[in-house]
Amino acid sequence: MKIIEILTYKIPKTNLLNRVLNFFAPFILVPFALIMLIIVIPIMWIYEKIKTNIIGIKPTENYKTENVLFSDGNFHIIKEYYDPVDESKENEPLYVFFWNLAEYDDEFLIFKIRDEKRITELNDCYITDFEFKSANNIILQKLSVENNEVKTYLINLNTENGKVEFLSEIGNFILTKFDKKKNSIIGYNNVDKIEIKLENNSHCR
């Protein structure tokens, strides 16, 4: 897997109307959400009582399912959710990085990799939730704390041997999707968009 080129573009600033709407949106949405909670919570409580006491359906335990990145006869690679709020001060750079970018995308997630069979070069590393799978490869966004700051890299995990190939440093961007038409990986931060064009020699699974 090879990178052809990396392009960055400025994100167009919102116009005055959008800024006004964004400013007043919380004043409209918060009261609406509170009203919905006042209506929905009693209904759900009554439903649970009817289901349990009248119909006789007992609540089942909540089993935590594994978030598997890749698994076969040799490897079983787990993605463990990383909560920056609960982490120790030694990971403060990752905490700062997360919240700076979370201002742009509140669905931005970080995971820590854990190997349960053969150990790969990705074991105990941090990644984002971006992944692009092709034949015998998974492209990921890796986060690394270096000199008390976070560096982000585009990497390729070889699922046959567990080795990691560093493709490029990509800066403070959230990679969000793979564009099949452009054969490019797309990402953003607060001011810029990034497009990483890949060599067109593999097919998405």
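The values are calculated or read from the model by the stated rules, or taken from the named source; none is laboratory data. Nothing here was measured: the structure is a model prediction, and the numbers come from that model. Glycine also receives a Cβ, built like all others from the backbone with ideal geometry; neighbour counts cover every protein chain displayed.
Only one of K142, K151 is surrounded by 15 or more Cβ atoms within 10 Å (Cβ to Cβ), assigned to a strand (DSSP E or B) and touching a Cys at 6+ places or on another chain (Cβ under 7 Å). Can you tell me which? Explain how you work it out, then say what you get.
On the way: K151 fails: touching a Cys at 6+ places or on another chain (Cβ under 7 Å).
Of the residues listed, the single one that is surrounded by 15 or more Cβ atoms within 10 Å (Cβ to Cβ), assigned to a strand (DSSP E or B) and touching a Cys at 6+ places or on another chain (Cβ under 7 Å) is K142.
Condition check: touching a residue at least 12 places away in the same chain (Cβ under 8 Å) and in contact with an Asp or Glu (Cβ under 6 Å, 6 or more places away or on another chain). Does K112 satisfy that? Yes. Might you let me know whether segment 36-56 holds any residue that is aromatic (F, W, Y), modelled with pLDDT under 90 and more than 19 Å from Y153 (Cβ to Cβ)? For segment 36-56, residues aromatic (F, W, Y), modelled with pLDDT under 90 and more than 19 Å from Y153 (Cβ to Cβ): present. Figure legend. Inter-residue proximity from segment 131-159: first residues on the phi > 0 side of the Ramachandran plot, second residues surrounded by fewer than 21 Cβ atoms within 10 Å (Cβ to Cβ) and of a type in the set (D, E, K, R), beta-carbon distance below 6 Å, spacing 6+ or different chains. Indicated pairs: N136/E160.
Can you name every residue in segment 170-185 that is farther than 29 Å from D72 by Cα and either surrounded by fewer than 20 Cβ atoms within 10 Å (Cβ to Cβ) or of a type in the set (S, T, N, Q) (or both)? Break it down into steps so the answer makes sense when it comes.
Taking segment 170-185 first, the residues farther than 29 Å from D72 by Cα are 170-173, 181-182.
Answer for segment 170-185, where residues must be farther than 29 Å from D72 by Cα and either surrounded by fewer than 20 Cβ atoms within 10 Å (Cβ to Cβ) or of a type in the set (S, T, N, Q) (or both): G171, N172, K181, K182.
In this entry, D72 passes the filter for residues that are at pLDDT 85 or above, within 30 Å of I186 (Cβ to Cβ) and exposed (fewer than 13 other Cβ atoms within 10 Å of the Cβ).
For D105, state whether it is surrounded by fewer than 11 Cβ atoms within 10 Å (Cβ to Cβ), on the phi < 0 side of the Ramachandran plot and modelled with pLDDT under 85. The answer is no for D105. Among the residues of segment 105-130, those that are within 17 Å of N172 (Cα to Cα) and either part of a strand (DSSP E or B) or in contact with a Pro (Cβ under 7 Å, 6 or more places away or on another chain) (or both) comprise I110, F111, Y126, I127, T128, D129, F130.
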